[in-house]
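Here's the structure we're looking at; comments come further down.
The values are calculated or read from the model by the stated rules, or taken from the named source; none is laboratory data. These numbers were taken from a predicted model, which means no experiment stands behind them. Heads up, the Cβs are rebuilt from the backbone with ideal geometry, glycines too, and the neighbour counts pull from every protein chain shown.
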Amino acid sequence: MSQPIDLKLIEKCIEGNAKAQKQLYDATVRQMYGVCLRYCKNPEDAKDVMQEGYIRVFGKMKQFEAKGVIEAWMRRIFVNCALENIRVNKFYTDTSDIDEAYNLTFENLTMDKISQKEIMLTLEKLALGYRTVLNLYAIEGYSHAEIADMLQINEGTSKSQLARARMAFVKEYKKITS
Amino acid sequence: MNNLDKILKEKMSDFAPDAPNVWAGIEQGVQANQVVHAAKMGKTLFGSKLVLTIAKIVAIALVPTAIISYNYFTTDTDKTNIEKPIQEVVANQEQIALSENDFVDNEQLTKHRERESNKKMDKESNIPFSKKALKKEQRSTGVDNSTSIKDNVPSTIPHAVEKKVSHEVISSAVKYEKPISSPKENNTKQSNFFDENESTEENKEVKGEQNKGIDILIKMPTVFSPDNDGVNDKYVVLIEGEKFYNLKIYTMQEELLFESNDKLNFWDGINPKNGQICNSGTYVGVLVYKSAEDVNLRTKRAIIKLVR
């Protein structure tokens with residue numbers, strides 16, 4: 001990954017220095033676009049979310065306390081932006097439940113070789129609820145309690161959604177590879 | 001199954017695809033943010049300074065006369081009655097002419113005043129200064145010297161009037177205290193300025209706390225064109241999995257045009273009451289609905305543009 005972002009740059013960004021902001025943007029844009037792309041249905045949405053996310057980041061930079069890593073802080077803002085975008089647009093086109101008794105027999109070996117592209121393709125096929133939960137829990141590493149808070153659902157719902165989402169993921173992945 | 005999580009996390013941790021260039025949009029947004037911020041700060045500063053100067057004028061003009069009349073015209077019984085308002089006046093205003101101090105031989109009063117003025121000074125030092133307000137203040141202080149002299153001359157004003165006056169001072173002093181805190185409030189509001197999009201508005205409309213869970217699918221279009229060209233001829237609300245559905249469409253004059261409890265009963269741009277074709281313009285759609293999980297009804301609004 002690119003070189004770590006030093007505190008001086010962040011201070012300049014807080015002052016409103018456009019050059020510093022551009023520098024920060026250049027250093028983080030690919031990573032953040034990845035975040036947006038994972039949550040959003042299509043690249044256009046991801047672009048919108050990213051733009052709004054950066055505006056919010058620069059607007060709220062004062063609130064960043066130099067305790068953690070700036071990337072992690074930004075990532076959280078972007079995740080929230082993406083979730084808001086989902087909530088506004090409500091692209092829930094496919095909420096039909098898959099069979100819970102879906103028999104799960106998959107070989108770990110095949111999953112090990114999955115590429116980023118394949119993951120993205122599979123995620124795109126998933127229903128938005130599954131996709132969001134999988135993103136938040138597996139990739140972002142939030143706990144069920146945090147997810148429940150973010151999505152305003154019960155913790156139990158989050159758990160069951162995750163279990164179903166995993167199954168759905170495997171199912172979709174099989175479809176893609178076969 | 002946790003295996004899958006691990007695989008996903010490992011694979012996606014360095015997921016950094018080529019991003020489209022949106023810097024121009026971001027720059028614009030950030031600039032707009034700053035401009036709005038600056039404009040709001042300027043306005044509030046100006047407003048607070050204006051009120052402050054007015055309060056100062058009133059205070060400097062009226063407090064000495066109030067004190068004079070208090071000393072000249074009050075009997076012992078009256079003093080106990082009027083002491084309170086005057087204390088408040090003095091406490092709220094640090095801008096009292098110092099020459100008048102001798103009239104009030106009250107230790108508590110002076111101590112209280114000192115404390116208050118210290119607090120005020122601290123507060124005031126936090127407020128950045130604006131040039132306009134400074135000029136205004138200078139002008140106004142020039143004027144108010146003369147007015148205070150004028151006011152001082154007729155010291156034969158009955159104290160009943162002075163009572164009223166002192167109350168006015170209190171009310172104006174209260175007015176001038178409020179704006180001091182306003183810049184801070186505005187700061188916090190300002191930071192959320194760009195966050196206030198539709199989603200927060202919609203969240204507010206959810207009545208009661210019992211509704212939990214992600215909202216069901218709803219898409220209320222904001223435009224439709226009933227011109228019989230086969231495209232968007234009817235106003236269709238996309239909704240899925242609802243238990244209750246009620247759509248009302250109003251004109252901008254708040255007249256009810258159309259109401260339906262059936263989601264397949266679309267509005268076609270015709271007033272069902274008199275059969276007239278509605279003109280192009282803006283209409284308001286209000287959707288009341290309820291999903292299977294909801295306890296209470298939810299409401300959603302949309303501004304609908306009718307284009308022919």
Residues that are in contact (Cβ under 8 Å) with a residue 12 or more places away in the chain and part of a loop (DSSP other than H, G, I, E, B), drawn from segment A:41-50: A:LYS41
Only residues in segment B:283-302 that are more than 20 Å from B:ILE270 (Cα to Cα) and at pLDDT below 85 count as the first member; pair them with residues that are polar (S, T, N, Q) and in a strand (DSSP E or B), Cβ under 8 angstrom, at least 6 apart or cross-chain, and list the lot. B:ARG298/B:SER291
Scanning segment A:126-152 for residues that are more than 18 Å from B:LEU4 (Cβ to Cβ) and surrounded by 18 or more Cβ atoms within 10 Å (Cβ to Cβ), the one nearest to the other protein chains (Cβ to nearest Cβ) turns out to be A:LEU151
When residues of segment A:5-17 are limited to those that are in contact with a helix residue (DSSP H, G or I) (Cβ under 7 Å, 6 or more places away or on another chain) and within 14 Å of chain B (Cβ to nearest Cβ), the one farthest from A:MET50 (Cα to Cα): A:LYS12
Of all residues in segment B:1-16, how many are surrounded by fewer than 16 Cβ atoms within 10 Å (Cβ to Cβ) and of a type outside the set (S, T, N, Q)? 5
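Let's see how each residue does on (1) surrounded by fewer than 22 Cβ atoms within 10 Å (Cβ to Cβ); (2) touching a helix residue (DSSP H, G or I) at 6+ places or on another chain (Cβ under 7 Å); (3) at pLDDT 85 or above:
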{"residue": "A:TYR25", "(1), (2), (3)": "yes, yes, yes"}
{"residue": "A:MET32", "(1), (2), (3)": "no, yes, yes"}
{"residue": "A:ARG38", "(1), (2), (3)": "no, yes, yes"}
{"residue": "A:ASN42", "(1), (2), (3)": "yes, no, no"}
{"residue": "A:LYS47", "(1), (2), (3)": "yes, no, yes"}
{"residue": "A:MET61", "(1), (2), (3)": "yes, yes, no"}
{"residue": "A:ALA66", "(1), (2), (3)": "yes, yes, no"}
Considering segment A:42-60, residues that are β-branched (Val, Ile, Thr) and more than 7 Å from chain B (Cβ to nearest Cβ), and then whichever is nearest to A:ARG87 (Cα to Cα), we arrive at A:VAL49
If a residue has to be touching a residue at least 12 places away in the same chain (Cβ under 8 Å) and part of a helix (DSSP H, G or I) to count, how many in segment A:10-40 make the cut? 18
Within segment B:285-306, restricting to residues that are more than 10 Å from B:GLU242 (Cβ to Cβ), in contact with a strand residue (DSSP E or B) (Cβ under 6 Å, 6 or more places away or on another chain) and among the charged types (D, E, K, R), the one that is surrounded by the most Cβ atoms within 10 Å (Cβ to Cβ) is B:LYS300
If I filter segment B:19-30 down to residues being in a loop (DSSP other than H, G, I, E, B) and facing chain A (nearest Cβ under 7 Å), which single residue comes out as surrounded by the fewest Cβ atoms within 10 Å (Cβ to Cβ)? B:PRO20
Within segment A:11-23, residues under 16 Å from A:GLN63 (Cβ atoms) and surrounded by fewer than 17 Cβ atoms within 10 Å (Cβ to Cβ) come out as A:GLU11, A:ILE14, A:GLU15, A:GLY16
Subset of segment B:217-276 that is among the hydroxyl-bearing types (Ser, Thr, Tyr) and within 17 Å of B:ARG301 (Cβ to Cβ) - its residue that is surrounded by the most Cβ atoms within 10 Å (Cβ to Cβ): B:TYR235
So, of the residues in segment B:1-11 that are modelled with pLDDT of 80 or more and among the aliphatic types (A, V, I, L, M), which turns out to be nearest to the chain's Cα centre (by Cα)? B:LEU8
